[in-house]
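The values are calculated or read from the model by the stated rules, or taken from the named source; none is laboratory data. All values reported here derive from a predicted model rather than from experimental measurement. Every residue, glycine as well, gets a Cβ built from its backbone with ideal geometry; the counts of neighbours run over all protein chains shown. When the accessible area is computed, the model is the full protein with side chains, heavy atoms only, and any ligands, DNA or RNA have been set aside. Shrake-Rupley method; radii C 1.70, N 1.55, O 1.52, S 1.80 Å.
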Amino acid sequence: SAVPFLGAQVDIALAIDQTAEMITEWRETVDAIYAVASTVDPKLVRHLENEGRELMFFHNMVAMDGVDEMDHYSKDWPCPGFVCGSGCTVVDRVIGLMGWLGFRRVDVYGADYCFADDGTVHANGDDATAAYGNPLLMEADLLGRHWVTRPDMLAGAVFMARQVRASGGRIRLMGNGLAVALLGMPDDFLNQVSRTLEP
């Protein structure tokens with residue numbers, strides 16, 4: 001839902017979500033390259049092909065039970081490819097993919113890793129229930145603000161803050177979301193923050 005929401009030229013739209021709901025998210029397509037993980041629902045691929053969109057595949061680590069994924073991808077998909085395996089959200093995963101594609105700098109907008117004050121979680125106006133069903137939520141007053149998030153989003157915010165700090169300016173994080181708030185916090189705080197925002 002972020003692609004039409006932006007109202008700007010989008011060059012690459014990206015998905016790692018394996019659920020059929022991505023077809024709903026991408027019901028409306030734009031003239032862009034659609035980068036999709038090899039693990040997405042095949043119905044999404046057919047939908048994008050029917051829309052006449054250009055596809056680019058990459059691999060997304062999904063913790064296959066009893067399978068060495070790196071071995072699986074190198075044997076079963078022998079062409080050159082990229083495997084996203086760090087972080088917990090699509091935002092975290094896209095950073096490595098952008099580097100592989102040759103981008104020297106990545107500016108990240110709208111990666112709040114938290115819900116808006118009115119409970120909105122997606123650009124299309126979905127609240128947590130509409131977007132995720134019955135998710136485990138975490139909330140706390142922290143760093144001068146009340147935050148509501150999910151465990152994977154919090155882990156993503158911590159990961160992103162660390163990644164931005166280690167990037168030497170190649171990754172710039174914009175906005176006032178949770179990852180931005182965590183940027184200046186010491187590692188000891190980042191190690192413990194998941195215990196502060198209790199379910």
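Tabulated values for the structure
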read-out	value
Between 0 and 90°, nearest 10: helix 151-166 axis offset from the chain longest Cα axis	90
Rg/Rh ratio calculated on Cα atoms of the stretch 1-100 (Kirkwood radius)	0.96
Surface accessible to a 1.4 Å probe, per residue, for the residues of the stretch 67-122, Å²	59
Accessible area of Asp127 in the full protein assembly, 1.4 Å probe (Å², nearest 10)	80
Accessible area (Å², 1.4 Å probe, nearest 10) - Val10	20
C-alpha center-to-center spacing [the stretch 159-194, the stretch 1-61] in angstrom	28
Those trypsin sites (Lys or Arg not before Pro) in the stretch 102-190 that DSSP places in a loop and that have at most 13 other beta carbons within 10 Å	Arg104, Arg105
Whole-percent pair-distance distribution, where bins are 5 Å wide, for the alpha carbons of the chain	1, 7, 14, 18, 19, 18, 13, 7, 2, 0, 0
Accessible-area ranking of Phe115, Phe57, Phe5, largest first, probe 1.4 Å	Phe5, Phe57, Phe115
For the stretch 22-35, 3J(HN,Hα) per residue [Karplus equation, 6.51 cos²θ - 1.76 cosθ + 1.60, θ = phi - 60°, Hz, x = Gly/Pro]	4, 5, 5, 4, 10, 4, 8, 10, 10, 6, 8, 7, 9, 8
Degrees, to the nearest 10: 90-100 long Cα axis against longest axis of the chain	60
Using θ = phi - 60° and Karplus 6.51 cos²θ - 1.76 cosθ + 1.60, couplings along the stretch 168-183 (whole Hz; Gly, Pro as x)	x, x, 6, 10, 10, 9, 9, x, 10, x, 5, 5, 5, 5, 7, 3
Percent carbon-and-sulfur accessible area, the stretch 1-83, ignoring ligands, DNA and RNA, probe 1.4 Å	53
Net charge of neighbours whose Cβ lies under 13 Å from the Cβ of Val36, counting Lys and Arg as +1 and Asp and Glu as -1	-2
